[in-house]
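Asker: Supplied in structure tokens, the structure appears directly below.
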Amino acid sequence: MSLLRRQALALPVAMAAGSAAAQTVWIPVSGADNSFYVEMPGTPLYKVIDTTTPGGTPFVYHSYSLEYRRLSFVAQTTLYPAGVDVTKPRVNLQIALDDRAQRLEGGKWSKVDWRDVQGATAVESIGPIAGGSALRQLSLLKGRRFVSLGYLAPADAMRAPEAERFFRSLRLTA
């Protein structure tokens with residue numbers, strides 16, 4: 001086989017290999033107690049975060065985080081202990097919104113959208129972070145189960161295909 005022919009045949013193979021390597025593999029992530037399912041563009045780091053209620057009752061958050069290119073993805077869940085009043089989910093979610101807003105540039109969200117997600121009270125919010133980034137989050141409360149998805153990226157990437165896939169993939173399973 002001539003050198004020219006070998007090079008011509010090798011080029012499409014090399015291009016195909018490069019294209020396959022550039023594709024992202026989305027990983028299904030099941031939350032603690034199989035409470036939810038979400039997809040992430042890679043294998044996240046899992047952590048258990050110890051915390052306490054205002055009344056001093058200990059409980060844990062299960063956190064799944066991933067840095068991907070210039071994007072950050074986080075999924076967290078907890079089952080609130082019996083001492084936490086969850087009879088008014090919107091009040092609980094507003095407390096979480098207010099707490100997180102303290103970390104935003106200007107201390108407030110630029111967009112807040114309340115809705116129902118799979119039978120749970122939910123709120124999606126977007127707010128600016130210093131340096132030109134933004135935070136998009138979806139938090140929901142169903143019974144005692146709290147689930148939060150967070151996405152940190154440059155402000156112009158809040159509706160990037162990766163963000164849309166991440167948020168659309170959420171399924172409550174428990």
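Please treat every number below as a calculation from the coordinates, not as lab data. On a predicted model such as this, the values are computed, not experimentally measured, just so you know. When we count neighbours, we look across all protein chains shown, and the Cβ atoms used for this are built from the backbone with ideal geometry, even at glycine.
Asker: Run the Debye formula on the Cα coordinates of the range 73-148, all scatterers equal and no solvent, and tell me log10 I(q)/I(0) at q = 0.24 1/Å.
Answerer: -1.12
Asker: Residue separation times 0.36 nm, minus the C-alpha to C-alpha distance between Phe59 and Gln118: what's the value? Show your work: numbers first, answer last.
Answerer: Working: separation 59, 0.36 × 59 = 21.24 nm, distance 2.48 nm.
Full-extension gain reported as 18.8 nm.
Asker: Taking K and R as +1 and D and E as -1, what net charge do the other residues with C-beta under 13 Å from the C-beta of Leu135 add up to? Mind dumping the intermediate values first?
Answerer: Values: positive: Arg100, Arg103, Lys108, Lys111, Arg136; negative: Asp99, Glu105, Glu124.
After counting each charged neighbour, the total is +2.
Asker: Helix 89-101 sits at what angle to the longest principal axis of the chain, using alpha carbons and giving 0 to 90 degrees rounded to 10?
Answerer: 60
Asker: Among the listed pairs Lys47/Lys88; Lys47/Lys142; Lys88/Lys108, which have their C-alpha atoms separated by more than 26 angstrom in this model? Please list the in-between numbers first.
Answerer: Numbers: Lys47/Lys88 28 Å; Lys47/Lys142 22 Å; Lys88/Lys108 22 Å.
Too far apart for the 26 Å limit: Lys47/Lys88.
Asker: Then there's this: Which one is right for this structure if Rg and Dmax of the Cα atoms in Å is calculated from it: (i) 22.3, 65; (ii) 16.5, 61; (iii) 20.4, 79?
Answerer: Only one listed value fits the structure, namely (iii).
Asker: While we're on this one: Figure the gain on full extension for Ser72 and Val48 (residue separation times 0.36 nm, minus the Cα-Cα span) and round it to one decimal in nm. Could you put the intermediate results ahead of the total?
Answerer: On the way: separation 24, 0.36 × 24 = 8.64 nm, distance 1.82 nm.
Between Ser72 and Val48, full extension yields 6.8 nm more.
Asker: Now, a different point. Helix 3-22 versus the longest principal axis of the chain: what is the Cα-based angle in degrees, 0 to 90, to the nearest 10?
Answerer: 0
Asker: On to the next question. Taking 0.36 nm per residue of separation and subtracting the Cα-Cα distance, what length does fully extending Ser30 through Arg103 add?
Answerer: Length gained, Ser30 through Arg103: 23.5 nm.
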